[in-house]
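*Asks:* Sharing a structure, written as structure tokens. Questions coming.
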Amino acid sequence: MLDSLVKDNIKGLLPYKVKEYTDIIKLDANENNSAAYLLNEKLCEAIMGLEINKYPDSDCTELRNMLAKELNLDARQIMVGCGSDQLISLIMSAFIGNGDKMLTHIPTFGIYKIAAQIEGGITVEVPLNEDFSFDLSSFVEAMEREKPKVIFLTNPNNPTGNVIPREQITKIVQLSKGIVVIDEAYYEFYGDSVIDLVDKYENLVVLRTLSKAYGLAGARVGYGAASGQLMDILYKVKPPYNVTSLSQVAAKVCLANKKVLHDTVKETIEERGKMINSLKEIPNLEVFESHANFVLCKLNDAKGVYDYLLNNRVLVRYFGEEGPLANCLRISIGTKDENAQVVGLLKKLMSS
Ligand SMILES: *Cc1c(COP(=O)(O)O)cnc(C)c1O
């Protein structure tokens, strides 16, 4: 009976399962392992002052004001979400209906396609080049052919770590007759952004998150910036009270203590360079340049290597045997110790 009730576009979906491990070096989800506990005392203090019996500020006023000041935008141009995942869903629910097209590149973050499918949308995927660089001309060709209502570009991209030059993004925004979303979840590890362009182009949305560089994945806080006109539309579909007061407080503590961000990002970028150099010495392993807090590797037996690492209490990301990420593993940059351990294990396994 339930099968006949569920919407057709939902039938083919699988639940997004995340397996939990204890006592493990977690390098599978691009979290900031160096930031663990650093702000806990300040967080506790801030939480002590909360009236948890009251609903949170529905529009995250203080948080948005802080972000607006930092980004040199109007608070009206900012929305905070329960993770940027929620903002991705809200963009789809505002602009994508049955049969509408969403265009993105492949490989990329898997949530865009799922969020579009939930709304009945059709995802069209333009392959990146063999070395995972962005192929502007085939992307523009696909834009002209498919006329997508929404475009998603991830910059830097997850899971490849490549970036799209600013001129190419600008060109796509100018050519597009639809909404263009630039997901800058890893912006802090790269340093280049198009967030300044939201004043200039009314169809541009830039997404950021506090889950990665800021080390706040557990609080689920992301934000989007866009023109005021575009935000007025997105606010129509935002659920009330979508960010808990605990999360709002945590985000404000993080934004007010930028030193943790700067120090851990600096360390992560250094460690990323070291990790890439070490991995380059390993035979039968190809490692790609990265502008984020992870590196992507290609090897002969990715599943075997994944299992070997897991047996040694190290969790990385494996993408299955199909598609452009076959034989790839993504390793998040962790603390110095964690990185040394994963490199040591790989050297031991693959050099023998
Ligand atoms: C991790 C990630 C997100 C999700 O971030 P949340 O704010 O934790 O929901 C969004 N986009 C990309 C590309 C990511 O890698």
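The values are calculated or read from the model by the stated rules, or taken from the named source; none is laboratory data. These numbers were taken from a predicted model, which means no experiment stands behind them. For neighbour counting, all protein chains shown are included, and Cβ atoms are generated from backbone atoms with ideal geometry for every residue, glycine included. Please note that ligands, DNA and RNA were not included when accessible areas were found on the heavy atoms of the full protein model with its side chains. Shrake-Rupley method; radii C 1.70, N 1.55, O 1.52, S 1.80 Å.
*Asks:* Hey, any hits in the range 53-60 for a residue that's open to solvent by less than 10 Å² (accessible area, probe 1.4 Å), within 12 Å of the ligand (Cβ to nearest atom) and either in contact (Cβ under 8 Å) with a residue 60 or more places away in the chain or more than 15 Å from PHE152 (Cα to Cα) (or both)?
*Replies:* There is no residue in the range 53-60 that is open to solvent by less than 10 Å² (accessible area, probe 1.4 Å), within 12 Å of the ligand (Cβ to nearest atom) and either in contact (Cβ under 8 Å) with a residue 60 or more places away in the chain or more than 15 Å from PHE152 (Cα to Cα) (or both).
*Asks:* Right, here's the next one. Would you point out which residue out of LYS298, LYS259, LYS303 is surrounded by fewer than 19 Cβ atoms within 10 Å (Cβ to Cβ) and in contact with a strand residue (DSSP E or B) (Cβ under 6 Å, 6 or more places away or on another chain)?
*Replies:* On the way: LYS259 fails: in contact with a strand residue (DSSP E or B) (Cβ under 6 Å, 6 or more places away or on another chain); LYS303 fails: in contact with a strand residue (DSSP E or B) (Cβ under 6 Å, 6 or more places away or on another chain).
It is LYS298.
*Asks:* Pick from the range 158-183 the residues that are more than 19 Å from the chain's Cα centre (by Cα) and basic (Lys, Arg): which of them is nearest to the ligand (Cβ to nearest atom)? Full working, then the answer.
*Replies:* Keep residues of the range 158-183 that are more than 19 Å from the chain's Cα centre (by Cα), which gives 167-168, 170-178.
Narrowing further to those that are basic (Lys, Arg): 171, 177.
On the way: LYS171: 21, LYS177: 24 Å.
Per the stated criteria, the residue is LYS171.
*Asks:* Could I ask something else about it? All but one of (1) away from the ligand (no atom under 12 Å from the Cβ); (2) crowded, with 17+ Cβ neighbours inside 10 Å hold for ALA219, so report the exception by its number.
*Replies:* (1)
*Asks:* Among the residues in the range 141-157, are any within 15 Å of the ligand (Cβ to nearest atom) and among the hydroxyl-bearing types (Ser, Thr, Tyr)?
*Replies:* Yes, because at least one residue in the range 141-157 is within 15 Å of the ligand (Cβ to nearest atom) and among the hydroxyl-bearing types (Ser, Thr, Tyr).
*Asks:* Just to check your reading of the model, which residue among ARG330, ARG313 is of a type in the set (Lys, Arg) and open to solvent by less than 30 Å² (accessible area, probe 1.4 Å)? It would help to see each step written out before you state the result.
*Replies:* Numbers: ARG313 fails: open to solvent by less than 30 Å² (accessible area, probe 1.4 Å).
The unique qualifying residue is ARG330.
*Asks:* To continue, here is another question. Can you name every residue in the range 37-59 that is at pLDDT 95 or above and of a type in the set (Phe, Trp, Tyr)?
*Replies:* Within the range 37-59, TYR55 is the sole residue that qualifies.
*Asks:* Taking the conditions exactly as written (over 20 Å from LEU234 (Cβ atoms) and in contact (Cβ under 8 Å) with a residue 60 or more places away in the chain), does THR170 satisfy them or not?
*Replies:* Details: over 20 Å from LEU234 (Cβ atoms): yes; in contact (Cβ under 8 Å) with a residue 60 or more places away in the chain: no.
Judged against the criteria, THR170 is not a match.
*Asks:* Here's another thing I want to ask about it. For the range 75-102, name all the residues that are open to solvent by less than 20 Å² (accessible area, probe 1.4 Å) and within 16 Å of the ligand (Cβ to nearest atom).
*Replies:* Within the range 75-102, ILE78, MET79, VAL80, GLY81, GLY83, SER84, LEU87, ILE88, LEU90, ILE91, MET92, MET102 meet the criteria.
*Asks:* Here's a follow-up. I'd like to know if the range 222-240 contains one or more residues that are open to solvent by 20 Å² or more (accessible area, probe 1.4 Å) and within 12 Å of the ligand (Cβ to nearest atom). Walk me through how you get there before you give the answer.
*Replies:* Let us first name the residues in the range 222-240 that are open to solvent by 20 Å² or more (accessible area, probe 1.4 Å), namely 229, 232-233, 235-240.
The next check asks that each one be within 12 Å of the ligand (Cβ to nearest atom); those that pass are none.
No, the conditions are met nowhere in the range 222-240.
*Asks:* Go through the range 305-349 and report how many residues are closer than 17 Å to PHE288 by Cα and touching a Phe, Trp or Tyr at 6+ places or on another chain (Cβ under 7 Å).
*Replies:* 9
*Asks:* Next question, about the same structure. Name, by its number, the condition in (1) in a loop (DSSP other than H, G, I, E, B); (2) at pLDDT 95 or above; (3) open to solvent by 70 Å² or more (accessible area, probe 1.4 Å) that does not hold for GLU70.
*Replies:* (1)
*Asks:* Would you confirm, using the coordinates I've provided, whether LYS11 is under 30 Å from LEU309 (Cβ atoms) and open to solvent by 100 Å² or more (accessible area, probe 1.4 Å)?
*Replies:* The answer is no for LYS11.
*Asks:* Separate question: State the number of residues belonging to the range 1-55 that are in a loop (DSSP other than H, G, I, E, B), over 30 Å from GLU270 (Cβ atoms) and of a type in the set (Val, Ile, Thr).
*Replies:* The number of residues fulfilling the criteria is 2.
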